Amino acid sequence: MIPKRIALVGPVASGKSTLAAAIAEHTGLPHLDLDNLFWGAGWTAIDTMTFQNRVRDALGAETWIADGNYSGAVGEMLLGHAELAIWLDLPLRTCLPRLLKRSFRRAARGEELFAGNRETFRHLFARDSILLWGPAHHRQHRRRWHHHLGPNKPHRLPVLRLTKSTAVAPALHDLNLLPAATRAVAPCRIP
């Protein structure tokens, strides 16, 4: 039986949104991207209470697959409402090339992300760039998710911890969350 509420967590550029969209397409679960609830226009974060209320309302639905990398009250709500946690615990050597490729592609194409925001080359080379923030916080995110989802986890929900990108699609196919031929989180190759 497919879980009705799935939390999908992991570090920046681990493939959360791509994978959540693929699972949503295969299962019919509504896809909830927490970044859509967090960001306002001009890359401004909405206030904490509004964000928490938005997340609480969204997680109150009967079914969803939610992806995000939020801590605090939002992270607790996410894990508290989920029936299954999928933890993409991929190493920095996997995530960093993906982050670079994704960010440069988005900037070059002018892809719209959340609340009309777009990554630009100017933004990518700013002091608060995702290119700096993601790698700088990678280890911290792994420690946090290990605390919440590791062997001594405070939450009692089942956890599927995936540490290799090549294991993602087969493991999720075995749970009927993806079709057999899916490569939802493709490895990024460096020439």
Original post:
Which length gain, in nm to one decimal place, applies between H155 and I2 when the Cα-Cα distance is subtracted from 0.36 nm times their residue separation?
Top reply: 53.1 nm
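Return a whole-number percent for the relative contact order of the chain, with Cα pairs under 8 Å and 6 or more residues apart as the contact set.
31
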Original post:
Given segment 1-76, what percent of its DSSP beta bridges are antiparallel, to the nearest 5?
Top reply: 20
**OP:** Treat each spin label as a single point 7 Å out from the Cα along the C-beta direction, and report the R54 to D174 distance in nm.
**Re:** 3.7
**OP:** May I ask you to give the percent of accessible area on the chain that is carbon plus sulfur, with a probe radius of 1.4 Å?
**Re:** 54
Original post:
Considering only DSSP beta bridges whose two residues both sit in the chain, what percent are antiparallel, to the nearest 5?
Top reply: 15
**OP:** Output the relative contact order of segment 77-171, whole-number percent, from Cα pairs under 8 angstrom with separation of 6+ residues.
**Re:** 45
**OP:** Please give the contour-minus-distance gain from R93 to T120: 0.36 nm per residue of separation, less the Cα-Cα distance, rounded to one decimal in nm.
**Re:** 7.3 nm
Subject >> Debye intensity ratio in log₁₀ form over the Cα atoms of the chain, taken at each q of 0.15, 0.17 Å⁻¹ >> reply: -0.94, -1.23
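Rounded to the nearest whole Å², what accessible area per residue is found for segment 104-158 with the 1.4 Å probe?
The answer is 69 Å² per residue.
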Original post:
Residue farthest toward the positive end of the dipole of the chain, with Cβ of Lys/Arg at +1 and Asp/Glu at -1: which of I130, S71, N117?
Top reply: I130
Subject >> For q = 0.19, 0.28 Å⁻¹, Debye-computed log10 I/I(0) when each Cα of segment 63-108 counts as one equal scatterer >> reply: -0.78, -0.98
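Within 10 Å of each candidate Cβ there may be at most 16 other Cβ atoms; applying that plus a DSSP loop requirement, which trypsin sites (Lys or Arg not before Pro) in segment 1-97 survive?
K4
The values are calculated or read from the model by the stated rules, or taken from the named source; none is laboratory data. Everything quoted here is computed from the prediction, not taken from an experiment. Methodologically, a virtual Cβ is constructed for each residue, glycine included, from the backbone with ideal geometry; neighbour enumeration extends over all protein chains shown. These area figures cover heavy atoms from the full protein model, side chains too; ligands, DNA and RNA do not enter into them. Shrake-Rupley method; radii C 1.70, N 1.55, O 1.52, S 1.80 Å.
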